[in-house]
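The values are calculated or read from the model by the stated rules, or taken from the named source; none is laboratory data. Everything numeric here is computed off the predicted structure, so don't read it as measured data. Note: ideal-geometry Cβ built from the backbone for every residue, glycine included; neighbour counts use all protein chains shown.
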Amino acid sequence: MIRLPRRMRREYRMDRNQILRTIPRVDDLMKEPAVLTLSGIYGKKETLRAVREELDCLREQIIKASENGPFPAVSAAAVTEGAALRLEERWELSLRKVFNATGIILHTNLGRAPLGERQMEAAFEAMSGYSNLEYNLLEGKRGKRWEHYTGLISRVTGSEGAIAVNNNAAAVTLILSTIARGKEVIVSRGELIEIGGRFRIPEVMEQSGAVLRETGCTNRTRISDYERAITENTGALLKVHTSNYRILGFTEEASIEELVRLGEKYQLPVIVDLGSGVLVDLEKFGLSHEPTVQEILKKGADLVCFSGDKLLGGPQAGIIAGRQTYIKAMENHPLMRAFRLDKCTIGALAATFREYLNEEGACENIPVLQMLSRSEEELMAQAREVAWDLSSRLGDAGISVEKSISMLGGGSMPLEEIPSYAVVIEPKHESAEELVHRLAALPVPIIAHIKNDRVILDMRTISEKELNDFKAYLAGACENRTHPGRC
Ligand SMILES: *Cc1c(COP(=O)(O)O)cnc(C)c1O
C-alpha cells in the first residue's frame with residue numbers, strides 16, 4: 001500500500017470531512033421552527049428519532065458518495081423535509097379504505113361485507129362513550145350484553161333463542177363444545193369442508209373435544225348412512241353447507257327434514273352450519289334459491305349457525321339461532337367469555353337485524369343487498385360515466401365498457417355468476433400488471449383484476465356514493481404514469 005505524505009492524506013479526505021462537518025447538529029435542528037411544528041404534531045420523541053435517522057442516512061450517503069462528489073445536499077431544510085416524510089409515513093395507518101373494483105361482493109381479503117350508514121351509526125354510538133352494554137336500565141342493575149340483539153335475531157329468524165360470537169368458526173366450536181364434548185358427531189363425507197383461513201370441519205371438531213364420525217360417501221350420503229352411524233356415543237347430527245364448492249353429477253344428500261326426523265327418533269340434536277346465513281329469498285335478485293335461516297329452523301333444525309359478514313351483510317360475527325335450552329347452555333359455557341362480541345359489533349349487529357324486520361328496508365340499507373340488487377342498466381350507465389370521464393382526460397388510452405361477471409365471494413355460492421358491467425382499460429404505454437400495481441399504490445388504492453392483458457374495473461362493487469372519488473383517483477393514476485402517488 002502506498003502511503004501518501006501526511007499533508008496529502010489530509011487533503012484527500014478534506015472534501016468529504018468538510019461536508020460531513022456542515023451537517024447541522026441535532027440540537028440546533030430541534031430548535032428550527034419547522035421541526036418544532038413537527039414536534040407539535042407527532043411528539044418530541046418520534047420527531048427526534050426521525051431527525052436522527054435522517055442525519056444518519058445523510059452521513060451514510062456522504063461517506064458512500066465518490067470522492068469527487070456529487071454529495072447529497074446538506075441543509076437544515078433538506079433534513080427537516082426528510083424527517084417530515086419519515087414521520088408522515090409512520091403516522092399513516094396500514095389498514096385503510098380501498099375501492100373494490102373486483103366485482104366480488106364479499107371479498108374476504110377486502111373485509112367482506114361493508115356496513116351501511118345505519119349499521120355504522122349504531123357501532124359508533126356504542127363505542128363513542130359509555131353505554132348500557134351490560135346494564136339493565138329498567139331494573140337499574142347488571143344486564144347481559146347479548147340482550148341487545150338476541151330478541152331481534154329471534155324475531156327475524158323465528159328462533160326460540162339466539163346468541164352471537166366473534167365469527168362462525170367460533171360459533172361452530174362453541175356449539176360442539178357445549179353439546180357434543182367427548183361424544184361423536186356424525187357428518188357426511190361430502191361435507192367435510194375447508195373454508196379459507198384453516199377452518200376445517202375435522203380440525204374444528206377436534207379442538208372442540210367432539211369426535212368426528214364420518215358417514216356416507218363424498219358424492220352420496222343417504223339418511224340410512226346417518227342412522228347406521230348412530231351409537232350410544234353419538235352426541236349430534238351435523239349438516240354443513242358446502243359453501244365454497246359443489247359436488248355435481250351423481251349425488252345425493254339427506255334433507256334437513258330427514259335429519260330432523262332421525263334426530264327425533266334417537267333424541268339427538270340436529271345442527272346446521274349454514275355458512276352464509278341468508279335471510280331473504282335470493283331469487284328476487286335473480287340468483288338461485290338458497291335455503292334461508294328461517295326455512296331451516298322451520299323444518300325443525302335444533303341449532304343453525306352462520307356468519308355475520310357474509311350474505312347477512314353485517315359485522316364480523318357468528319350467529320347461533322335455535323332451541324333455548326342449548327342457547328342457555330352456551331351462554332354459560334366458559335368459551336362464551338372468550339368468544340363474546342365487543343360493543344361496536346353488538347351495535348352493528350343489532351342494527352343489521354333491525355333492518356331485516358322490514359325486508360325492503362334491508363335491501364335498501366344493507367350494502368351487500370344493495371349491491372346484489374343493482375340492475376345491469378344501472379351498472380352500464382355507471383361504467384359509461386367512468387369510461388367517458390377517463391377518455392375525455394386521456395384521449396388515446398384503450399378504454400371500453402363491457403359486460404362482466406360479478407361474484408358473491410366469501411366462499412358463498414361459488415357457481416353463481418351475476419351479470420355486471422365493467423370499464424376495461426388496455427394500457428398503451430405499460431403492461432396491465434404495471435397499471436394494476438399503480439392503482440393499488442394510490443392514496444386510496446383501487447383493487448382491480450386482469451383478464452387477457454386488460455384491466456377490468458367491475459362497477460357492481462363501486463357504490464354511487466364513492467363514484468366521484470373513484471373517478472378522480474382513477475384518472476389521476478392513468479394520467480400520471482411517472483408519479484404513482486405513493487412510492
Ligand atoms: C364461511 C364459513 C364458515 C366460517 O365462518 P367465519 O365467519 O368466516 O368464521 C364456517 N362454515 C361455513 C359453512 C362457512 O361457509
(message) Quick test of your reading of the structure: Glu283 fulfils all but one of (1) assigned to a helix (DSSP H, G or I); (2) crowded, with 21+ Cβ neighbours inside 10 Å; (3) modelled with pLDDT of 90 or more; (4) of a type outside the set (Ser, Thr, Tyr). Name the failing condition by number.
(response) (2)
(request) Kindly provide the set of residues from the range 417-434 that are farther than 19 Å from Leu287 by Cβ, touching a residue at least 12 places away in the same chain (Cβ under 8 Å) and not hydroxyl-bearing (Ser, Thr, Tyr), ordered by number. (result) Ala422, Val423, Val424, Ile425, Glu426, Pro427, Lys428, His429, Glu430, Ala432, Glu433
(request) Of the numbered conditions (1) closer than 25 Å to Gln294 by Cα; (2) more than 11 Å from the ligand (Cβ to nearest atom); (3) surrounded by fewer than 19 Cβ atoms within 10 Å (Cβ to Cβ), Arg220 fails exactly one; give the number of that condition. (result) (1)
(message) When you scan the range 288-300, do you find a residue that is within 16 Å of the ligand (Cβ to nearest atom) and farther than 16 Å from Val156 by Cβ, even just one?
(response) yes
(request) Output the residue which, of all residues in the range 223-244 that are farther than 19 Å from Asp302 by Cβ and out of contact with any strand residue (DSSP E or B) (no Cβ under 9 Å at 6 or more places or on another chain), is farthest from the ligand (Cβ to nearest atom). (result) Glu232
(message) Could you check the range 395-424 and list, in sequence order, the residues that are surrounded by 15 or more Cβ atoms within 10 Å (Cβ to Cβ) and farther than 30 Å from Lys310 by Cα?
(response) Ala397, Ile399
(message) Just to confirm my filter: which helices (runs of 4 or more DSSP H) fall fully inside the range 126-235 and include at least 3 residues that are over 21 Å from Pro315 (Cβ atoms)?
(response) 168-180, 201-207, 223-229
(message) Glu264 - would you say it is of a type in the set (Asp, Glu), part of a loop (DSSP other than H, G, I, E, B) and surrounded by fewer than 16 Cβ atoms within 10 Å (Cβ to Cβ)?
(response) no
(request) Could you list all residues from the range 208-252 that are basic (Lys, Arg) and touching a Pro at 6+ places or on another chain (Cβ under 7 Å)? (result) Arg246
(request) Determine whether Ile271 is within 13 Å of the ligand (Cβ to nearest atom), part of a helix (DSSP H, G or I) and crowded, with 17+ Cβ neighbours inside 10 Å. (result) no
(message) Checking the conditions here, which among Glu385, Glu377 is of a type in the set (D, E, K, R), without any contact (Cβ under 8 Å) to a residue 24 or more places away in the chain and more than 16 Å from the ligand (Cβ to nearest atom)?
(response) Glu377
(request) Take the range 74-95 and flag every residue that is assigned to a loop (DSSP other than H, G, I, E, B), surrounded by 11 or more Cβ atoms within 10 Å (Cβ to Cβ) and of a type in the set (A, V, I, L, M, F, W, C). (result) Val74
(request) Collect the residues in the range 186-204 that are within 12 Å of Ala169 (Cβ to Cβ) and not β-branched (Val, Ile, Thr), keeping them in residue-number order. (result) Glu194, Gly196, Gly197, Arg198, Phe199, Arg200, Glu203
(message) For the condition β-branched (Val, Ile, Thr), within 16 Å of the ligand (Cβ to nearest atom) and at pLDDT 95 or above, what is the one hit in Ile256, Ile247?
(response) Ile256
(request) Spot the failing condition for Arg118; the list is (1) outside any loop (DSSP other than H, G, I, E, B); (2) loosely packed, with under 14 Cβ neighbours inside 10 Å; (3) of a type in the set (D, E, K, R), and only one is missed. (result) (2)
(message) Within the range 252-261, take every residue that is within 22 Å of Glu160 (Cα to Cα) and in contact with a strand residue (DSSP E or B) (Cβ under 6 Å, 6 or more places away or on another chain) and give me the one that is surrounded by the fewest Cβ atoms within 10 Å (Cβ to Cβ).
(response) Val260
(request) Filter the range 309-318 down to residues that are more than 7 Å from the ligand (Cβ to nearest atom) and under 19 Å from Met413 (Cβ atoms) and give me whichever is surrounded by the fewest Cβ atoms within 10 Å (Cβ to Cβ). (result) Leu312
(request) Give the range 333-384 a look and list any residue that's hydrophobic (A, V, I, L, M, F, W, C) and either under 20 Å from Ser131 (Cα atoms) or not in a helix (DSSP H, G or I) (or both), or say none. (result) Leu341, Cys344, Ile346, Ala348, Leu349, Ala350, Ala351, Phe353, Leu357, Ile366
